[in-house]
Amino acid sequence: MNIFLIGYRCSGKTSVGKSLAKKLGLSFFDTDSELVKEQGMNIFEIVSKQGWNIFREMEKAVIKRSCAFDDYVVATGGGAVLDIENVRHMKKSGVLVWLKATPETIKKRISQDKNTKDFRPALTSKGFVEEIEGTLLSRNQYYDNAMDFYIDADSIGIDEVCNAIVKKLSV
């Protein structure tokens with residue numbers, strides 16, 4: 001069984017994923033990092049040169065491959081749940097955990113992240129704050145529909161998030 005971490009950008013999927021995999025003795029896989037490695041370009045470059053639709057198709061192929069794994073913790077891209085096939089494949093091979101964070105937390109984390117420009121290109125033509133609030137609001141229903149359970153990733157650290165996931169999985 002795999003554990004797929006879903007959620008908005010900067011909700012902690014990669015950081016939690018690495019820590020959770022280590023804690024559980026599982027392998028870790030980051031779909032965005034794999035896509036970047038395969039393409040030889042960062043996400044900003046891929047989207048700038050080829051557009052969001054091509055990026056989403058590439059993402060879909062990487063997610064489908066990750067679903068063939070067993071005993072992995074997989075950090076997915078923030079928009080992975082927008083594609084029903086992605087969700088269907090992930091559900092067949094594991095459990096989906098939504099790392100839920102508020103717009104305020106996400107804004108703070110994005111502004112502190114050195115890799116934001118390369119890994120988190122603009123999703124809309126709106127300003128930074130409006131984009132986060134609007135996109136998160138529209139995506140929450142997708143995360144909610146896809147998840148098996150969620151963890152509030154706002155006010156607790158990585159270790160606490162990992163412990164909460166382990167506790168939920170063992171119930």
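Under a Gaussian network description of the chain, with springs only between Cα atoms under 10 Å, the residue in Ala101, Ala21, Ala61 that fluctuates furthest is Ala61. The simple spin-label model puts a point 7 Å past each Cα toward its Cβ; for Met1 and Lys22 those points are separated by 2.4 nm. Per residue, the convex hull spanned by the Cα atoms of segment 10-65 measures out at 88 cubic angstrom. The slack between Asn140 and Ser155, meaning 0.36 nm per residue of separation minus the straight C-alpha distance, is 3.5 nm. Backbone geometry of segment 50-65 corresponds, through the Karplus equation with coefficients 6.51, -1.76 and 1.60 at θ = phi - 60°, to 3J(HN,Hα) couplings of 10, x, 5, 4, 5, 4, 5, 5, 4, 4, 4, 5, 5, 5, 4, 4 Hz, x marking Gly and Pro.
So which aspartates and glutamates pass the test for Lys100, namely a Cα distance under 15 Å, with those fewer than 8 places away in the same chain ruled out? Partners found: Glu133, Asp144, Asp148, Asp152, Asp154, Glu160. With coordinates expressed along the principal axes, the C-alpha atoms belonging to the chain extend over 43, 33, 28 Å, beginning with the largest.
Where a number appears in this text, it was derived from the coordinates with a stated rule and is not lab data. Predicted model only: the values in this text are computed from it and were never measured. When we count neighbours, we look across all protein chains shown, and the Cβ atoms used for this are built from the backbone with ideal geometry, even at glycine.
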